[in-house]
Amino acid sequence: MDIPYKIYLNEEEMPKAWYNIKADMKEQHDPFLHPATGKPCTKEDLLPVFCEELIDQELNTTDRFIEIPEEIRNFYRMFRPSPVVRAYCLEKALDTPARIFYKFEGANTSGSHKLNSAAAQVYYAKKQGITHLTTETGAGQWGTALSMACAYFDVDLTVYMVKGSALQKPYRKSIMETYGAKVISSPSDTTEVGRKILEENPDTSGSLGCAISEAIETSVKTENCRYVLGSVLDHVLMHQSVIGLEAKIALDKYGVYPDVVIGCAGGGSNLGGLISAYMADKLQGKKAPKFIAVEPLSCPSLSRGKYAYDFGDTGQITPLIKMYTLGAGFMPAPNYAGGLRYHGMSPVISKLYHDGFIDEVRAEEQRRVFDAATLFARVEGTLPAPESAHAIRVAIDEALACKETGEAKDILFGLTGTGYFDMTAYASYHEGTMSDYIPSDEELEASFAKLPKVE
Ligand SMILES: *Cc1c(COP(=O)(O)O)cnc(C)c1O
């Protein structure tokens, strides 16, 4: 059977349940620790900050599938199912025997996969009677997605946007405001932690870690308010499992089982979601693809980080999380893939990598990433987000390797979003002014030395 350019599913084929990968993991990642007591966090510890049903999902290690409520499925119908695209034009341009497929999550106004979890998180907040949410956003995609979901479910939203991104992408703020959100550049003088960070480092361009601290502080001080996070946490990865479940249904129709699955990794949510359905095979001891995570050389949490307990934020107010981390105080250089600039990595992805279930991590340099982004845009038409272009880079490299060996591998990667708001980055690439900053071993060691001591 000929494979079409785009494999679309019907709405009826959309998954009715999320897949909870932890139910298939023989060993769980270490629990969150309470920063004051050093003891594992209980549900009660988390209730003041997070919505209750999301905490239950976060701590659930037994149910393989969790039903997606009808209200969320109705929201999903606005932009899902998303297509799996056969990259015929890219294959031709590369003259490779490999077949390349990508799952395209950018066909919605937020321009990324983040809407999958935003829809779910706001729904549960609303159901609990929460009237106000706070969050952080790096590149702006999460803030936009959450603004859309908050507008749909009628919940107030305050977004702390990393200052460097706010300057690079002013229109992200306008979109969020269009959907009714209040957007504050971080670090700001609206929180204690923001004022402290500014005092110590007045010229900082901010980081996700700072913005998280500000958003949590505000959520705790605001009545009937909770904090939500767009990546890293287990429940976010679970919401993103719709990506992998749909991809597998689509490819199964044509008898395609990928040899390689590639995803970019910032906090790990799209990667976790994309690989989920195939990782289930691996965890159950069956034949499985090779899994590759891709990150920027400037923020190499998986490839050069330590697997250790660390704070999720710069202000050190979150629970301690066991993950690959560059240190919560690490300020990555302001590269152009804002969504990949987090100091840590999802605990589930960290555990899977640590235990050898994720086969490989590649750290890529910005210009090589934009070489791939530009080629992709020219031949496939879609203008990719810089974050997504990390996965494109490695998909191209894998396809070129097939050309050398003559192997006709099936490659699947995640095209997580579009890059319309990243024209400053594309312009700098075209002008030849794009550079990259790779942290030295000394810098990383200095950051590791400040990791919290955990017995
Ligand atoms: C946020 C974002 C990412 C990275 O986040 P993950 O949680 O690692 O998936 C990747 N691509 C796009 C387009 C994003 O918006």
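The values are calculated or read from the model by the stated rules, or taken from the named source; none is laboratory data. None of these values were measured; they are calculated from a predicted model. When we count neighbours, we look across all protein chains shown, and the Cβ atoms used for this are built from the backbone with ideal geometry, even at glycine.
Taking K282 as the residue in question, decide whether it is more than 19 Å from the chain's Cα centre (by Cα) and part of a loop (DSSP other than H, G, I, E, B). Against the criterion (more than 19 Å from the chain's Cα centre (by Cα) and part of a loop (DSSP other than H, G, I, E, B)), K282 does not qualify. Among the conditions (1) surrounded by 24 or more Cβ atoms within 10 Å (Cβ to Cβ); (2) not assigned by TED's automatic domain parsing to the domain that holds D56; (3) not polar (S, T, N, Q), the only one that L133 does not satisfy is (2). The set of residues in the range 173-226 that are hydroxyl-bearing (S, T, Y) and either in a strand (DSSP E or B) or outside the structural domain of M161 (by TED's automatic domain parsing) (or both) comprises S185, S186. Please indicate, with yes or no, whether at least one residue in the range 337-347 is aromatic (F, W, Y), within 12 Å of the ligand (Cβ to nearest atom) and out of contact with any His (no Cβ under 7 Å at 6 or more places or on another chain). Yes - at least one qualifying residue is present in the range 337-347. Kindly provide the set of residues from the range 132-185 that are away from the ligand (no atom under 16 Å from the Cβ) and of a type in the set (S, T, N, Q), ordered by number. T134, T158, S174, T178, S185, listed by residue number.
Each row is one residue, and each column tells you yes or no for (1) without any contact (Cβ under 8 Å) to a residue 40 or more places away in the chain; (2) hydroxyl-bearing (S, T, Y); (3) on the phi > 0 side of the Ramachandran plot.
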site	(1), (2), (3)
G140	no, no, yes
C150	yes, no, no
D154	yes, no, yes
L157	yes, no, no
L167	yes, no, no
K173	yes, no, no
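Here's the yes/no breakdown for (1) in the same structural domain as T218 (by TED's automatic domain parsing); (2) aliphatic (A, V, I, L, M); (3) crowded, with 24+ Cβ neighbours inside 10 Å:
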| site | (1), (2), (3) |
| --- | --- |
| G266 | no, no, yes |
| A288 | no, yes, no |
| P296 | no, no, yes |
| R304 | no, no, no |
| R341 | no, no, yes |
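Name, by its number, the condition in (1) in contact with a helix residue (DSSP H, G or I) (Cβ under 6 Å, 6 or more places away or on another chain); (2) at pLDDT below 95; (3) buried (at least 22 other Cβ atoms within 10 Å of the Cβ) that does not hold for S205. S205 satisfies every listed condition except (3). Here the range 376-395 is the region considered, the condition is being surrounded by fewer than 24 Cβ atoms within 10 Å (Cβ to Cβ) and in contact with a helix residue (DSSP H, G or I) (Cβ under 7 Å, 6 or more places away or on another chain), and the residue that is nearest to S165 (Cα to Cα) is L383.
Considering each residue of the range 75-84 in turn, at least one proves to be closer than 24 Å to Y227 by Cα, in contact (Cβ under 8 Å) with a residue 24 or more places away in the chain and either out of contact with any Pro (no Cβ under 8 Å at 6 or more places or on another chain) or not assigned by TED's automatic domain parsing to the domain that holds K126 (or both).
Among the residues of the range 100-140, those that are more than 29 Å from L383 (Cα to Cα) and part of a strand (DSSP E or B) comprise H132, L133, T134. Test L198 against the stated conditions and say whether it is within 16 Å of the ligand (Cβ to nearest atom) and of a type in the set (A, V, I, L, M). When the stated conditions are applied, L198 does not pass them. Is it the case that Y324 is over 16 Å from S231 (Cα atoms), modelled with pLDDT of 95 or more and surrounded by 23 or more Cβ atoms within 10 Å (Cβ to Cβ)? For Y324, the condition - over 16 Å from S231 (Cα atoms), modelled with pLDDT of 95 or more and surrounded by 23 or more Cβ atoms within 10 Å (Cβ to Cβ) - is not met. Within the span defined as the range 92-106, every residue fails to be buried (at least 16 other Cβ atoms within 10 Å of the Cβ) and free of Cβ contacts under 8 Å to residues at least 40 places away in the same chain.
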